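This report concerns only the one structure given below.
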Amino acid sequence: MSQGAGGERMQEFIREFVLRELDHDFGEIPLGALDDAAIIEGIAFTTDSYTVKPLFFPGGDIGVLAVAGTVNDISVMGAQPMALSCAMIIQEGFSGDDLHKIMKSMNATAKKAGVRIVTGDSKVVEKGAADGLFINTSGIGKRSGHLDHNIEMIRRSRQFKWNWPNDSGVADGDVIIASGPIGNHGIALLSFREGYGFETTVKSDAAPMNHVIAEGMKVGGITSMKDPTRGGVANLLNEWADKSRVGIRIREEDLPMDEAVISACEMLGIDPLEIGNEGKIVMAVVPDMADDVLKAVRSKPEGKKAKIIGQATKKVKGVMMETHTGGKRVIEPPVGDPVPRIC
Ligand code: MG
């Protein structure tokens, strides 16, 4: 289970079983970069499978996740999402009413994001071979004028050898912005599943973030973006620190978090930085542009609680958090998953 959890063990697993066996060094952003999407012949291409349990939860369902998750992985590369596929693995006897509901919410979420589902596949397997319903979505995205402008604005501040924001693009001084409160999706799921009761106040944040990202790129200067899904913000920042070879310092008091999520994390002993989110983006921005990008992100409803949470700096190694009490805490990439099967 830990090899599927999005943390350090999963990275080891991918190196051992995927990168060792597959050619992985072709394309502008190749498979070997292990970024949110690959860039091949100017097209962003990504895929994701959804195994969330239960299929319906406070704030969304597997259909919302399957569209939003793939749209977000395309969008964080700076690409404009164009089209998705939808492949379903359905266990025999699965409710037709539930399938209608899920397909409706896939369609509604796709409309919201401005993408179309244009191809797919369905397989039915016998009882015990699957757990109700699994969905895989793949997606493609293309360059846009906003992306060209974004890259041009980075190059006014410094050399930038890529044509896309990516995990290796963060540099000393870049300002880190979180698009909104963290931890909501994982806490809503866990609480609903285990009956802790927080789900009445905490809902999943699952949503496509491409419009928020487009707004930020209109300002420009975004060097990297990621969605803090499995492994949460802790894993995201460690991936940046590792691939960009720069330290990252964040401040605990600047982390956007809802009160109910803080209480739930304290009660359950879970680190909010390690919880998966499904409708949040973390951005690294060249220092001169950070305030304007923040303003642009906040102008959209999904980004209205966005905050600057820290900065990339050569002065620290790895990821360091200044705590509420003025102490310093090293943020390690999570080993396992505090809340499994949330996406
Ligand atoms: Mg991602």
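Between amide H atoms placed 1.01 Å from N, distances below 5 Å from Met82 occur with Ile140, Gly141, Lys142, all of them 5 or more places distant or on a separate chain.
Using a 10 Å Cβ count of at most 10 others and DSSP loop calls, identify the longest part of the chain lacking such GluC sites (Glu not before Pro). Formally, the longest exposed-site-free interval is 127-343. Under a 10 Å cutoff between Cα atoms, tell me which one of Gly310, Gly139, Gly27 has the largest fluctuation in the Gaussian network model of the chain. Judging by the Gaussian network model, the answer is Gly27.
Report the antiparallel proportion of the DSSP beta bridges in the chain as a percent, rounded to a multiple of 5.
If we restrict to bridges inside the chain, about 75 percent are antiparallel.
Charge tally for Gly327 (other residues, Cβ to Cβ under 14 Å; Lys, Arg +1; Asp, Glu -1): +1. Distance cut-off 31 Å, Cα to Cα: go down the list Lys123/Lys304; Lys111/Lys218; Lys142/Lys305; Lys142/Lys280; Lys101/Lys218 and report the pairs above it. From the list (Lys123/Lys304; Lys111/Lys218; Lys142/Lys305; Lys142/Lys280; Lys101/Lys218), the Cα-Cα distance tops 31 Å for Lys123/Lys304; Lys101/Lys218. Helix-only arithmetic for the chain: the sum of -39500 (n - 2.57) across DSSP H runs with n ≥ 4, divided by the residue total, places the mean residue ellipticity at 222 nm at -9500 deg cm²/dmol. Taking packing as the residue-averaged number of other Cβ atoms within 10 angstrom, the listed peptides 59-66, 185-192 run from highest to lowest as 185-192, 59-66. Here the calculated FRET efficiency for Asp98 and Met1, from their Cβ-Cβ distance with R0 = 35 Å, stands at 0.85, rounded to the nearest 0.05. Put simply, the amide H of Ile29, placed in the peptide plane, has neighbours under 5 Å in Ile39, leaving out anything fewer than 5 places away on its chain. Sequence-distant contacts, meaning Cα pairs under 8 Å at least 6 residues apart, place the relative contact order of region 2-330 at 21 percent. Couplings for region 212-229, taken from phi via the Karplus curve 6.51 cos²θ - 1.76 cosθ + 1.60 with θ = phi - 60°, read 4, 5, 4, 4, x, 6, 4, 6, x, x, 7, 8, 7, 9, 8, 9, x, 7 Hz in order; Gly and Pro are left as x. For the options Asp174, Asp131, Asp36, a Gaussian network treatment of the chain with springs between C-alpha atoms closer than 10 Å singles out Asp131 as fluctuating the most. Legend: calculated FRET efficiency, Arg156 to Val316, from the Cβ-Cβ distance at R0 = 22 Å, rounded to 0.05, equals 0.25.
Between region 128-192 and region 49-119, the alpha-carbon centres lie 18 Å apart.
Each reported figure results from applying straightforward, stated rules to the coordinates on display, with no laboratory input. Computed from a predicted model, the values in this text were never measured in an experiment. Cβ sites come from the backbone with ideal geometry, for glycine too, and all protein chains shown count toward neighbours.
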